[in-house]
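Visitor: One structure, pasted below without further comment.
Each value in this text was obtained by applying a stated rule to the coordinates, not by laboratory testing. None of these values were measured; they are calculated from a predicted model. Quick reminder, even Gly has a Cβ in these numbers, built from the backbone with ideal geometry, and neighbours come from all protein chains shown.
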Amino acid sequence: MNGKIRMANTVQTEIEGNIAHLRINRPHARNALSQELITELSAEFKSIDSNDDIHVVVLSGVGDHFGAGYDLNVDWRNLYGKRNPVGTRRMLSECVEFEMNPWRCSKPVIAMVRGYCLAGSCELSMMCCITYASDTARFGEPEIKFSAVPPA
């Protein structure tokens, strides 16, 4: 797949030589994390991890932003059943599991951040080996204002 872009619904993958470029592709939503994106990006990390021809991963967002965090138009708690401690714990566990993908990857992962890098997207960038921030990058954990603890 050298030089070609593979498109899932929410993730673009491009292999250039020994470099895998993973691009979060939801610019209409400032690359907010959706369930579909989580599934597709996790699958791409697994595929890349098992590919010995790839030596480094560059993670970025399509458009002006790395990511605005978890998509607030999704009722995340209801995806995991009733709003109760068990459902909330399961939701948080799966969020952390997703955010750990760059950390667990056997290849170095570089986050290329421009624009918003908030909440879950910020935590995802923190799990990378290196985060390169452009002049427009804005990092934040806005959930702290509401007494929510970031899972990372």
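Visitor: What does the net charge come to around Ala29 if you take all other residues with beta carbon closer than 13 Å to its beta carbon, with K and R at +1 and D and E at -1? Working shown, then result.
Guide: Values: positive: Arg26, Arg30; negative: Glu36, Asp64, Asp71.
It works out to a net charge of -1.
Visitor: Could I ask something else about it? Please pull out the direction-averaged projected area of the chain, using the convex hull of its alpha-carbon atoms, in nm² to one decimal place. Mind showing how you got there, number by number?
Guide: Working: hull surface 35.5 nm².
Averaged projected hull area, Cα only: 8.9 nm².
Visitor: Once the Cα atoms of helix 35-49 and of the chain are each reduced to a long axis, what angle between those two axes, in degrees from 0 to 90 to the nearest 10, is obtained?
Guide: 40 degrees
Visitor: At 0.36 nm per residue, minus the direct Cα-Cα distance, what do Asp52 and Asp75 gain on full extension? Give it in nm, one decimal, please. Display every interim value, and only then the final one.
Guide: Working: separation 23, 0.36 × 23 = 8.28 nm, distance 3.83 nm.
Gain on stretching Asp52 to Asp75: 4.4 nm.
Visitor: What is the distance, in nm, between label points placed 7 Å from the Cα along the Cα-to-Cβ direction at Arg138 and at Ala8?
Guide: About 2.8 nm, to one decimal.
Visitor: Quick one: net charge around Glu99, please, counting Lys, Arg +1 and Asp, Glu -1 for every other residue with C-beta under 13 Å from its C-beta. Display every interim value, and only then the final one.
Guide: On the way: positive: Arg104; negative: Glu94, Glu97, Glu123, Glu141.
Around Glu99, the charge tally is -3.
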